[in-house]
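Asks: The structure that follows is given in the form of structure tokens.
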Amino acid sequence: MIDSQLQALISAIEQADSPARLIGAVRALAAARLESGIPTLIQALGYNNPGAAIAAVDGLVQLGVLAVEPLLEQIDGYNYGARAYAIRALAAIADPRALEVLLSAAATDFAPSVRRAAAKGLGSLQWQYLPAQQCIQAQVEALNVLLEVSEDSDWAIRYAAVVGLQGLGESAVAPKILHAVSDRLHQMQLADGDLATQARAKFACDRLAAISNPQLPVYC
Amino acid sequence: MVDFNSEQLMERSPEMPVGAEPLTADQAIANLRHEDLSLRYYAAWWLGKYQVRDSAAVDALIAALEDESDRTELGGYPLRRNAARALGKLADPRAVSGLIRCLDCSDFYVREAAAQSLGMLGDRTCVPHLISLLDGGVEVAQFVPGRPHLAQPYEAVIESLGALGATEALMLIRPFVDHAVARVQYAAIRAMYQLTQESVYGERLVQALNSNDVQLRRTALSDLGAIGYTPAAEAIAASATENSFKLFALKGLLEHQLRSTSEESLAPRAIEIIGLMDTLL
């Protein structure tokens, strides 16, 4: 039953003869939330059709942890567009198994869109799924890569590093991590060469300050 | 945003010519007088690209605006084009009078580069000269037979007049908002917004985000970013273009918003734009 449903959804994608039909077919597969549809959704990240790719990312994110291993295995080394979407899906699912891939994508990928998505994703992982000791180590690795990325020459990559640092600061499991994040964000707020990046760093500092000095009861 | 045809696209980032070494500023300045014309051409591009603000570089580029040796088959002046483009990036007001003379050059692309660069240099003495390129209005703003461009570089001229705040050109620019070429239309709408701050012009660019042509959507994005029309933020974020274009346009809005206030704290609208930018990473 499920198999025939899957087959119909996949053939609709294979037979789509216009960009709009392709988007519709990918959306239908995404909405079915079938684990067996994951490989086809991942393929759709590389069709050079942004609407289809966004629908596929949504579908993969809905499937959550089930999609993590397939995404890590199928990540596309050649098509940077597909890789950026895969990194966005991994970042949104936020499973810490993606840490290594996010670290290397943020630090060394040649495509700016991939580096931006990875830097942002490094700040939003679900660290609580890691054992305590491993968690500190993982956050330190994320911190070091984000600090390095925050000095990139491309403003948009530094901006993404600020977003990642803010997320890491908000979920820091050790005071030294929060301090390192705050120090760097304050520096960027004052001295980054780009006005928008400075403003983003200011916003991040404000958010971190609000968390450490809440003005309202936290559980209201 | 000015339309670059393929000839120009090549000129924007020329291949390093055979025999050319990676340059230093001194070599590039010296190469502007090299007997090999391709090295002169590359050096002019290089000095702009790396923003060599040395006065010797500016002098040599100003001299290159009068070059007679580098000619195309159709009579164009490739070295003058690159020198005019580079001078826009070097922010030296001494370039203004030479660039104004280039507005009368027989080569369309020299006039276009000069008009753009004069807008970037921000010196209003060029305004009457830019205005004179709009002589005859939309009636004469037609394609030159057999060429891929209009009689004058209207897009560049109008954009620069808008950037220079040339309100005296307002009545001349207004008819171009209905020009048959979409990119000229957008340039005029963008300038009209800058000169009047009337939201009707900002909204017309927002409408253009729904164009069927992805190039036109990108142009509209870039125009909205350049004028910092903050009500467009949500429409920009939702438009069907690549995230990097949308991010760059939203950055223009955010910076406009930041510059419009002396407040220390971030305005609610700035925070909303930041929220949209975050979703595009």
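Asks: Failed condition for B:THR219, given (1) farther than 19 Å from A:ARG200 by Cβ; (2) modelled with pLDDT of 95 or more, with all others met?
Replies: (2)
Asks: Shifting gears a bit: Across segment B:30-79, what is the number of residues that are aromatic (Phe, Trp, Tyr) and part of a helix (DSSP H, G or I)?
Replies: The qualifying residues number 4.
Asks: Could you look through segment B:235-277, keep only residues that are in contact with a helix residue (DSSP H, G or I) (Cβ under 7 Å, 6 or more places away or on another chain) and more than 13 Å from chain A (Cβ to nearest Cβ), and pick out the one that is surrounded by the most Cβ atoms within 10 Å (Cβ to Cβ)?
Replies: B:ILE236
Asks: Still on this structure: Is one or more of the residues making up segment B:200-213 more than 14 Å from every other protein chain (Cβ to nearest Cβ), surrounded by fewer than 19 Cβ atoms within 10 Å (Cβ to Cβ) and among the hydroxyl-bearing types (Ser, Thr, Tyr)?
Replies: Yes, segment B:200-213 has at least one match.
Asks: Looking only at segment B:98-125, which residues are more than 20 Å from B:GLN51 (Cα to Cα) and without any contact (Cβ under 8 Å) to a residue 60 or more places away in the chain?
Replies: Within segment B:98-125, B:ILE100, B:ARG101, B:CYS102, B:LEU103, B:ASP104, B:CYS105, B:SER106, B:ASP107, B:PHE108, B:ARG111, B:ARG124, B:THR125 qualify.
Okay, residues lined up against (1) surrounded by fewer than 19 Cβ atoms within 10 Å (Cβ to Cβ); (2) modelled with pLDDT of 95 or more; (3) under 23 Å from B:TYR154 (Cα atoms); (4) acidic (Asp, Glu):
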| residue | (1), (2), (3), (4) |
| --- | --- |
| B:ALA63 | yes, yes, no, no |
| B:ARG71 | yes, no, no, no |
| B:GLY75 | yes, no, yes, no |
| B:PRO78 | no, yes, yes, no |
| B:ARG81 | no, yes, yes, no |
| B:GLY98 | no, yes, yes, no |
| B:GLU112 | no, yes, yes, yes |
| B:GLY119 | no, yes, yes, no |
| B:ASP123 | yes, yes, yes, yes |
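Asks: Any idea which residue in segment B:218-234 is farthest from A:ALA84 (Cα to Cα), counting only those that are over 19 Å from the mean Cα position of the chain (by Cα) and surrounded by 19 or more Cβ atoms within 10 Å (Cβ to Cβ)?
Replies: Here the residue is B:THR230.
Asks: Please verify whether A:SER124 is within 14 Å of chain B (Cβ to nearest Cβ) and free of Cβ contacts under 8 Å to residues at least 40 places away in the same chain, treating the condition exactly as stated.
Replies: no
Asks: Related question: Does at least one position in segment A:129-142 carry a residue that is more than 14 Å from chain B (Cβ to nearest Cβ), surrounded by fewer than 16 Cβ atoms within 10 Å (Cβ to Cβ) and aromatic (Phe, Trp, Tyr)?
Replies: So far as segment A:129-142 goes, yes, one or more of its residues are more than 14 Å from chain B (Cβ to nearest Cβ), surrounded by fewer than 16 Cβ atoms within 10 Å (Cβ to Cβ) and aromatic (Phe, Trp, Tyr).
Asks: In segment A:63-101, which residues are closer than 17 Å to A:VAL149 by Cα and either in contact (Cβ under 8 Å) with a residue 24 or more places away in the chain or in the same structural domain as A:THR40 (by TED's automatic domain parsing) (or both)?
Replies: Across segment A:63-101, the qualifying residues are A:ALA84, A:ILE87, A:ALA91, A:LEU99, A:VAL101.
Asks: While we're looking at this one, here's another question. Scanning for something within 14 Å of another protein chain (Cβ to nearest Cβ), farther than 26 Å from A:ASP206 by Cα and surrounded by 15 or more Cβ atoms within 10 Å (Cβ to Cβ), does segment A:90-100 turn up at least one residue?
Replies: Yes, the conditions are met somewhere in segment A:90-100.
Asks: If you don't mind, another one. When residues of segment B:98-136 are filtered for being of a type in the set (Gly, Ala, Ser) and outside any helix (DSSP H, G or I), how many remain?
Replies: 3
Asks: Can you name every residue in segment A:154-187 that is closer than 22 Å to A:ASP109 by Cβ and aliphatic (A, V, I, L, M)?
Replies: Once the filter is applied, which keeps residues that are closer than 22 Å to A:ASP109 by Cβ and aliphatic (A, V, I, L, M), segment A:154-187 yields A:ALA156, A:ILE157, A:ALA160, A:ALA161, A:VAL162, A:VAL163, A:LEU165, A:LEU168.
The values are calculated or read from the model by the stated rules, or taken from the named source; none is laboratory data. Treat the numbers as computed from the prediction; the structure is a model and nothing was measured. Glycine also receives a Cβ, built like all others from the backbone with ideal geometry; neighbour counts cover every protein chain displayed.
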